[in-house]
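Read-outs: derived from the displayed coordinates by stated rules, not from any lab. Every value quoted in this text rests on a predicted model; they were computed, and no experiment measured them. All Cβ positions, glycine included, derive from the backbone under ideal geometry; neighbour counts span all protein chains shown.
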Amino acid sequence: MTSPAPPKPAARADADATMRNVTRLSVGVAVVLIILKAFALGASGSVSILASLADSALDLVASLVTFVAVRWAAAPGGEEHRYGRGKGEALAALVQAGLVFASASFIGWEAIQRIFDPRPVTAGSWGVAVILIATGLTLGLVWMQSRAIRQSRSMAIAADRAHYTADLAANLVVLIGIISGAFLRAPGLDAAAGLVVSVWLFWGAVGMLRTAADHLLDRAVPDSDRIAVTTAVLSDPRISGVHQLRTRTAGPVMMVQMHVDMAPNLTLEAAHGIIVEAENRLLALFPGADILIHPDPRGHAEPPDTATGGPGQAEPGTDPLPEPVPTGPRGPWS
C-alpha cells in the first residue's frame, strides 16, 4: 500500500525555499571570488593563486549546475517521472565531480611546470588580503549550506558544499604559497602549494563521485535509518515481523518497501488500518518518505529466494533482513 500522505507542504516548501536561496548565494559568492582572485593573480603572478582562481571558476560552473538541479529535482514528477526527479541531484553531483577532476588536472600540470621553471611572486600583500577575504566569504557560505542540508538533505547542495569546504583547506595552502614566494623568496614553494591543492581537489572529487554513484545505484540507507524503520513498524504488537525490507533515496526523499507479518484472520479493513498507522509512524520519523507496505498472513509468507525470483520473492537488489525476524517492538539489528 502506497502511503496516502504526501510530504508535509509547509516543511517541504520551507526546505525548497532554503535550497533555492542557498544556491543563489553560492553563485554570487563564486562570482565575487573569481573577481577577487583574478585581481590578485594579475598583481602577483602566483601559481597558487592561479590554482585557486581556476578552482573558483569551476566552482561557479558547479554552483550553476546546482542552481538548476535543485529546482528541477524539486519539480513534481508527472506521468514520466512517477518517483519524482530527485536523482537529478545525483546527476548534478556527477557533473560537479567531473569539473573538479578537470580543475585538479589543470592545477597539477601548471604547478609541475612552475616547479621546474620557478617564477617570482610579487604584490604578496594583495594576494594575502584577497585569500583572507575569500576564506571569510567561503566560511559564511559553507555555514549556510550546512543549514540547508540539515533541512533538505539535498545531495546537490552537499556536493557544492564539498567544493567550498575543500576551498577552505586550499586557501590555507595558497596562503603558504604566497608567503613563501613573495616574502621568503622561494617561488618553488608557491608551485608546490599549487600541487598540494590539486591533490586535495582530486581526493574530494573521488568522494563526490562515490556518493553520487551510490545514490544512482540505489544503495540502501544507513543501518541507523533501517533500524529506526523496523523499530517504528514493529512497535505495534499486531505486526509480528518485517521482511524483504528495501530502502533507497531519490534526492531528499527516502523510499521504503517491506512485507509485514500480521494475523491471518484480520479483515481487509483492519489490515489496512494497521498499515496506515505504521506508515504514519514512519512519516513522523522521515517526513515526505515514499512508503510501500505489503501485508502477509503470519506463517504463510514465502521466504525470499533471489535465485528463483518466483512470486512473492525478493528481486535482485533486495535490502535483506537477517532471518528470522524477531517479534516485538525492537528492530532486527537490536
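Worth a mention:
- Point-to-point label distance, Arg281-His300, nm (Cα→Cβ direction, 7 Å offset): 2.3 nm
- Inter-probe distance in nm under a simple model that places probes 7 Å from Cα toward Cβ, at Arg147 and Thr267: 5.2 nm
- Full extension of the chain between Arg20 and Val32 yields a length gain of 2.4 nm, computed as 0.36 nm times the residue separation minus the alpha carbon distance.
- Extension reserve of the Ser125-Val206 stretch, reckoned as 0.36 nm per residue once the Cα distance is removed: 25.7 nm
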